[in-house]
Structures are given as C-alpha cells and as structure tokens.
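Report on the following structure.
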Amino acid sequence: MKHADIIEKLTLQEKVRLVSGDGPWHTVGFPSKGVPSIMMTDGPHGLRKQGNGETDINDSTPATCFPAAVTSGATWNRELIARMARAIGEEALAEGVSVVLGPGVNIKRNPKCGRNFEYFSEDPYLAGEMASSYINGLQQTGVGTSIKHFAANSQEYKRFNSDSQVDERTLREIYLRAFEIAVKKASPRTIMAAYCRLNGEFCTCNKRLLTDILRKEWGYGGLVVSDWGAVARHVDAIKAGCDLAMPGGSRYEDDVVEKAAQDGTLPMSALDECCDRVIDLALKGEAVRDAHKGASYDKDEHDKIAKETAAEGMVLLKNGGALPIASGGGLLLVGYMAQNTRYQGAGSSHIVPTKLTHMTDVLQADFVAGYDEKGDATDESIAAVKAAARDARVVIVAAGLPAGYESEGFDRKSLDLPAGINRVVEAAASVNDNVVVVLMAGGAVLLPWLDKVNAALFAGLCGQSGARAICDVLMGRVNPSGHLTETWPLKAEDVISEPFFAKNTKNVEYREGLYAGYRYYEKANVPVRFPFGHGLSYTQFEYSDLKVRYAAQGAHGDGAECKVSLTVKNTGDMGGAEVVQVYVAPPKDSLYRAVKELRGFEKVYLEAGESKVIDIALDDKSFCVYSMADNKWVASGGEYIIMAGSSVQDIRLECKVTAAGAPLAEAGWIKDSWYSNPAVGTPSRDEWQRLMECSPATSTPLDLDAVKKGDFGMDSTLKELAEQNKAVRCFVEKYKERLARGMNVPVDSDDERYLMAVSCTLDCALHGMVIMGGGTFEAQTAKALLDAANGKCDDRVVYDLISKLYGV
Ligand code: BGC
C-alpha cells in the first residue's frame, strides 16, 4: 500500500465514508488527516461540470462541445484524438476537475443502442486504439480519465439490472479487448464498472472482472469507480475490487459495510486497499489542481480543434459528382437541422457549448425547413420543398435523427429516419438531380432513397462547430477523410444480434458470439449498405508495394510482432488523407473465426501527386485466439493473409505470412454448427449454450426473468414491482407526474430529457434509485414498495407513503 501512514490514522467510519463519494461529483476529503477531496465530471466529448444548484442534466458550466465519439472515431486519427482530449484536459484544469469520465469504449453490438454515439466502434482494435490516444492525450495535462463502461454494456434497455451473458472467447476477443488495449497502452487513471451484470454477477461486484482479469492479468494499477448508482452490494463490491462507489451522500449500506468490517466478513485489508487507491487518486488530483490554480484555456483555439476533428470525421458515403460544390449561387438548404444542428447526444454527455453555429449561418443559400423538430412533414411543407428545389443548382438536405430518437437511457426503436424526413428527401430528389444529403445522427440509419440522390455525407454528431466543418466539406475547402467505424446494414433484420437485443428480458444472450459488426456480414455473405471502414474522398489513392516483416515473439512476449509497409500515392488533383486499413485473414482451418479482422491502420495526408511509404505495426494479438480450454491467449499458427485496403470490402493489396505455432483446432460440434456457417439462420439456444459450456470460467446463465412476487429485491426496478402490485403502480404514476412537472413537460412527453429521466428511474435498480436519489427516494421508501410487491405488507402502507410524499 502506498499510503499506509494515512490509512493508519483513519477510523473505521472514515474508511467507510472514503469508499463512497461526497455528493454527486466529489470524493470525500479528511483534510486534517491528509486526504483531499477531488472532483470528477462527465465526459467524454467535453466537460459537463455541474455546480451544487445544477441538478438538471442539461445544466452545466459552458465548455467546448467536441464531436461525439461517432464522429471523432471516424477520423481514425490518433494524433487528432489525442489533441482533442488534451484540450478537454485543459478545460478540466481550468475548472479544477481532476477526472474526466470518459472515453466510452463499449462495442457497437447493434446500431440501435441508444448510446452508440458515445462509443467509438464495432471493432475492438479500433476502439482500443482511439481510446488509448484519448487517454494519453488527456492525461498529459495531469488530469485523469475514466474508461467506461466496464464491461459488455452494449445496450441501454434494462441497463441497470440485466445480465450480459457472453462466452469467454467472445468476451476476451471482442467485449474486453478495447479495455485491455487501453489499459496496457495508456494506463487510464480510473476505470468505470458498468451497471449491468456480466455472466451472473453485477460488474461492480464482479471479482473475476475487476481483480482477476483487470488487475492480475492486465496489471492495472489505477482505481475502479462504479458507474453512478451501480453498486449493488457494497461489501461484495469492495471485496471484488470496486474502490469507489459513486455518487455519495445517501450513505446507503454504510452501516452494512461497517458491520461487515467489524465482524470480519469484510477483511480490513480489502477496505484498506480501496481507501489506498482513493487516497492516491485524490493526492494526484490535488497536486495537479494546486499546480494549475487560476489556469484558463483558449476558447477559440479549442473551438478550432473541435472544428478540425469534425471536419476529419465527416464520412463521404456516396458522391455522384455533385460534391464538392463549385462556388456560385443557386444553392438551396432544406431541413430543420440546417437551422438547428443536431450536434450532440442526450444524457450524461450533454455539454453546454461555448458557441454554436448552424449551416444556415454559414452557407449562402435559400432555406426551406421541410420538416419540424420531430421530423414531421406536412403536404404543404413537402410542396414548398418541391417548389424551391425545382430550379436550384444544388439542393442540400440536412437530415438525421431528432434528439428524441436516441439517447442514453433507452435504445432506438428502429433504424429508420422519421418518415417526414424521408419524404422531404424523396420530394427534393423527385425534382432535382443534384440532391446532397447531410446526415446528423449517432450511428447507422436506413437510407431507402439513396439511389435517388446524388451524394450523401455522414456528419454524425459533429460538436459545436460541426456545421462549419460540414460546409467546408460541401464546398471543397476540406477534402473528406472520415471512414465508418461501424457497418451500415441494408435492413435492421440483417443485424445478427437483432433477435437477442433489448428484447423483453434481462437475460441478454450474446448468442452471435464473435460475429459483431463486419465479422458477421463478411462471414455470412450478407450485403450491406456501407461496409465497415468505408469513406470516399475528392481524390484517389493508389496502393503498392506491400511488405510484411514477422517475428514470432514480440517485445512484450505475449504475441507475435508484425510490421507492414506499403506505398500510398495520391493520384488525383487535390490534397487529401487516406485511412489505410490492414486486415488479417486467418488460415482456413477448422477454427471458428471471422473472415478477416482489423489489426492495424494509419491515416496519411498526401498532396496531389505525392506518395509515401507507410509503416504499420499490427496488434500483438493478430495471430492469436483466446483459448477457452486454457483460459489464455494462444498463438494459432498457419498461413495468414495480410490485406491492405480502404474498407473491409475494398482490399487493394494482399500477401501471405506464415505464423508460428500449432494450428488450433475447434471442438468437433462447432464445425457443424451455425458458428462455422452463419450464412443461414441464427444461432439456436442449444448451440449457444454449448458454446457457453466451453468456457470453464463462465457460469451457467441465470434466468433473471424468473423473479416473481416474493423474490423482488433491491436489484429489482420500480417498473418490475409495479407490474406486480397496484399500489406500486399508483406510486409510479405519481412519481412520473413529479418528473414531468419538474421538466415542465406532459407525462407522456417524447422529450428526450423526460424519456431518459423515466428510464433512469423506473428502469433503475432500487439500490441505484436510493444511491442517486439525493434524498428524494429513501431506503425506507424502497423497502415499503418491496414489501408490498412481495406481498409482505398491506398495500395501505404504500398508499400512506404516497399521501405523505405527494400529498394526495
Ligand atoms: C452514466 C455514466 C456517467 C455517469 C455520471 C451514468 O448514468 O452511465 O456514463 O459518467 O452517469 O453522470
């Protein structure tokens, strides 16, 4: 322990207080004993610093709103992400904040996840690399980061108490891999344990996850903080290695922890270790804060970085020649979003920007709204679009998902754009051949009209100065160089996780196994709208001279070292950047694997006519698989193919390399199963269960839906209790009314803040409600509701509570 001298001086009560926060954002301080208090704030794409009076999620100190990960990730530019994160760190220094709660690296398992906009990719290597750059960049300022949400938290539906059921190989190769890369390459000062369960145990209480894998295997030396309200059982969380339970203030279970420490069921050494890490974090934070008292940052400079990141993250999806737009008149701008950029997502990452521009502020063009805030169009608005579009030289339609369609707290209902927005695009395209669609959304959407429009540009959620970046790309002042970090499917049903994603159950079966994103489409030969890695440019790039150097043992000893070099030439007449992607295809053995996997990439800028030799070092696990039988990464030898290309489907060069090691063979049954041939149907439950049984470390999946009257506990939700009991239903109605009143919206509002608040309370585990309730939802309230739903007390107890709390 680093701070035994301080810990020695703390009383048991002080230790117990130290492992929970002080209010929503601070750690507890004991100045007289040498323990300072520090502040943490969200993250990830800017600072959401809230003062004491700011309780609305959208109220915070203005800060630069950088593009969300959907856009910054699409830059594939490590240096730029680091620069952006460094700027966020500088803002944290100026605000006295010691830890920024980001980046988010959960895998985009299904485009419907409401929070995908905060995550980098469907590919763990790309997500891990981007996260490492972010962490290294931000931590250079001395401020800490919190990589989140650890782990397998890839849906919002029932996020507070569902169980992510993942076989060990899929877990290691896909859902843990980005965290592993970032932990090893960038040492994030903190890591945030997710709300959900992983294979039967809450992530916050999951010793295997937080201690055995994170600390012992990966050598992590930082602090584990819980997601806000995620600690289900504090004693078990401490034993598991969850150092800090946030937020504080409720003192929920403080007495339980104290008692356990007294009677020895919680070893004092475990509590001391958590205290040691909290103290260490606080001392580091204090030292940096003191050294930067009075620091400020350059708002204009940060706005420039936000714009540059947005510009590099723009993905040109299609171009029939309308782009770039030649200067001159005759431009028509269509769409509510042209006047009201959709530039960030809703929830805990919401930033109050320092400034904000819209396309209508920047482009010299006529304007027609076409659709409203909710994406609705009328016959009149459609007629107005047609009338204006007919004679325009180029029609630019700003389209996308309205704010209420995607958010933290709930998932998207479909992949469709609002019908009104589709109508507007169709209307413009029916009268004009030069329609350019700019898409503002947190992820993949369906584009039924794509063949009818000339060009499409995906802006993602581009941050406060994104509108200027969009216009720079449209007008050719910037050559687009973003590439997709997730596959865009043709239909929602093509997404392989769809039948098992956010379906009325807490048992979240990751039945598709390793086939996340392109790994599935490639293997099953399913056509897609746009492949992973896709992104066009106004110039062309030629690839040549691929060379590979392979050494069986890498510098770290845990994988082969492989370096690839190739020449890329800009053969067009405009300077531009290319994202060179290296995929590795495994030997054609009996092992169940993806067709090819991203193992390296580099972004390179080339003037017109220029060529450069590019060196790319591949991921050290490029020739390994995670062996479930041995519970470790093992090299699987044989003839691999190294492929260099501009997307997973646009491979330009390839060459072979023979990797050392005996080729691994799979269990016989897999050869005849869906996993070896996913082209037909979906994995059956039996097959998936057999896969789960192959991992000795993974327990048999629980059946959480089986919880009935009598068995509800603090991990149940108000919604679940209400389904069982009329008095709780009445309580819930009153609770919703109060939420709506507080936000000045109707009870059935589709306002995204209200939807998020409803899901974060009614769908929240009761322990989370008490921890986060800030005194508005007390442990006794939870107990009364639980007793009623379990049939242990008369409903009158709840009705009395309602009249006491709500005066009715
Ligand atoms: C979110 C985290 C966030 C935290 C604090 C949670 O609900 O899941 O991502 O950092 O709140 O706002």
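The values are calculated or read from the model by the stated rules, or taken from the named source; none is laboratory data. What you see is a predicted model, and the numbers here were worked out from it, not measured in a lab. A quick note on method: Cβ atoms are made from the backbone with ideal geometry, for glycine too, and the neighbour counts reach across all protein chains shown. Side chains included, ligands, DNA and RNA excluded: accessible areas come from the protein's heavy atoms. Shrake-Rupley method; radii C 1.70, N 1.55, O 1.52, S 1.80 Å.
Computed values, structure above
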{"quantity": "Residue match in segment 690-699 (condition: in contact with a Cys (Cβ under 7 Å, 6 or more places away or on another chain) and open to solvent by less than 70 Å² (accessible area, probe 1.4 Å))", "calculated": "no"}
{"quantity": "Hits in segment 49-74 - residues which are within 16 Å of the chain's Cα centre (by Cα) and among the polar types (S, T, N, Q)", "calculated": "T71, S72"}
{"quantity": "Residues within segment 284-300 that are of a type in the set (D, E) and either in contact with a strand residue (DSSP E or B) (Cβ under 9 Å, 6 or more places away or on another chain) or closer than 12 Å to T354 by Cα (or both), tallied", "calculated": "2"}
{"quantity": "Qualifying residue in segment 79-88 (condition: at positive phi, crowded, with 24+ Cβ neighbours inside 10 Å and away from the ligand (no atom under 16 Å from the Cβ))", "calculated": "no"}
{"quantity": "Pair list, Cβ under 6 Å, 6 or more apart: segment 739-762 residue touching a residue at least 40 places away in the same chain (Cβ under 8 Å), other residue open to solvent by 60 Å² or more (accessible area, probe 1.4 Å) and assigned to a helix (DSSP H, G or I)", "calculated": "L762/K719"}
{"quantity": "Unique residue being crowded, with 20+ Cβ neighbours inside 10 Å and either away from the ligand (no atom under 16 Å from the Cβ) or basic (K, R) (or both) when the list is S72, S98", "calculated": "S72"}
{"quantity": "Selection within segment 31-59 - under 25 Å from P188 (Cα atoms) and in a loop (DSSP other than H, G, I, E, B)", "calculated": "G34, P36, S37, I38, G43, P44, H45, G46, L47, K49, Q50"}
{"quantity": "Residue count for segment 545-602, restricted to those that are in a loop (DSSP other than H, G, I, E, B), under 28 Å from the mean Cα position of the chain (by Cα) and among the hydroxyl-bearing types (S, T, Y)", "calculated": "1"}
{"quantity": "Number of positions in segment 1-59 that are open to solvent by 50 Å² or more (accessible area, probe 1.4 Å), among the polar types (S, T, N, Q), more than 21 Å from D255 (Cα to Cα) and away from the ligand (no atom under 16 Å from the Cβ)", "calculated": "1"}
{"quantity": "Residues (part of a loop (DSSP other than H, G, I, E, B), of a type outside the set (K, R) and within 15 Å of the ligand (Cβ to nearest atom)) located in segment 110-142", "calculated": "C113, G114, F120"}
{"quantity": "Checklist (1) open to solvent by 10 Å² or more (accessible area, probe 1.4 Å); (2) within 18 Å of the chain's Cα centre (by Cα); (3) more than 15 Å from the ligand (Cβ to nearest atom) applied to Y157, failing item", "calculated": "(3)"}
{"quantity": "Some residue of segment 183-196 being part of a strand (DSSP E or B), under 16 Å from Y119 (Cβ atoms) and modelled with pLDDT of 95 or more", "calculated": "yes"}
{"quantity": "Selection count where residues are closer than 28 Å to L80 by Cβ and either of a type outside the set (S, T, Y) or within 29 Å of the chain's Cα centre (by Cα) (or both), scope segment 313-331", "calculated": "11"}
{"quantity": "Qualifying position, being farther than 30 Å from S327 by Cα, at pLDDT 95 or above and among the basic types (K, R), among R423, R477, R412", "calculated": "R412"}
{"quantity": "Among the candidates T567, T571, residue that is free of Cβ contacts under 8 Å to residues at least 40 places away in the same chain and either of a type in the set (S, T, Y) or touching a helix residue (DSSP H, G or I) at 6+ places or on another chain (Cβ under 8 Å) (or both)", "calculated": "T571"}
{"quantity": "Near pairs, Cβ below 6 angstrom, 6+ apart or cross-chain, from segment 26-41 (within 14 Å of D290 (Cα to Cα)) to any residue that is in a loop (DSSP other than H, G, I, E, B) and of a type in the set (A, V, I, L, M)", "calculated": "M39/V97"}
{"quantity": "Residues (surrounded by fewer than 20 Cβ atoms within 10 Å (Cβ to Cβ), modelled with pLDDT under 95, among the hydrophobic types (A, V, I, L, M, F, W, C) and touching a strand residue (DSSP E or B) at 6+ places or on another chain (Cβ under 9 Å)) located in segment 614-634", "calculated": "W633, V634"}
{"quantity": "Residue within segment 526-533 that is touching a residue at least 24 places away in the same chain (Cβ under 8 Å) and open to solvent by less than 10 Å² (accessible area, probe 1.4 Å) present", "calculated": "yes"}
{"quantity": "Search result, residues across segment 603-630 that are in a loop (DSSP other than H, G, I, E, B) and in contact with an Asp or Glu (Cβ under 7 Å, 6 or more places away or on another chain)", "calculated": "A608, D620, M628"}
{"quantity": "Residue list for segment 33-48, restricted to those being more than 17 Å from the chain's Cα centre (by Cα) and modelled with pLDDT under 95", "calculated": "none"}
{"quantity": "Qualifying residue in segment 223-232 (condition: away from the ligand (no atom under 16 Å from the Cβ) and among the hydrophobic types (A, V, I, L, M, F, W, C))", "calculated": "no"}
{"quantity": "Pairs, first at positive phi in segment 137-158, second basic (K, R), C-beta under 7 Å, six or more apart", "calculated": "K158/K506"}
{"quantity": "Selection from segment 309-323 of residues that are farther than 17 Å from V425 by Cβ and surrounded by fewer than 21 Cβ atoms within 10 Å (Cβ to Cβ)", "calculated": "G321"}
{"quantity": "Selection count where residues are assigned to a loop (DSSP other than H, G, I, E, B) and over 24 Å from L591 (Cα atoms), scope segment 502-526", "calculated": "5"}
{"quantity": "Some residue of segment 449-472 being under 30 Å from K596 (Cβ atoms), in contact (Cβ under 8 Å) with a residue 60 or more places away in the chain and among the hydroxyl-bearing types (S, T, Y)", "calculated": "no"}
{"quantity": "Residue within segment 491-501 that is on the phi < 0 side of the Ramachandran plot, of a type in the set (G, A, S) and assigned to a loop (DSSP other than H, G, I, E, B) present", "calculated": "yes"}
{"quantity": "Residue satisfying condition, being more than 16 Å from the ligand (Cβ to nearest atom), open to solvent by less than 20 Å² (accessible area, probe 1.4 Å) and free of Cβ contacts under 8 Å to residues at least 60 places away in the same chain, within set I174, I213, I181", "calculated": "I213"}
{"quantity": "Any chance D748 is open to solvent by 10 Å² or more (accessible area, probe 1.4 Å), within 29 Å of the chain's Cα centre (by Cα) and closer than 22 Å to A245 by Cα", "calculated": "no"}
{"quantity": "Failed item in (1) modelled with pLDDT of 95 or more; (2) open to solvent by less than 30 Å² (accessible area, probe 1.4 Å), with D361 passing the rest", "calculated": "(2)"}
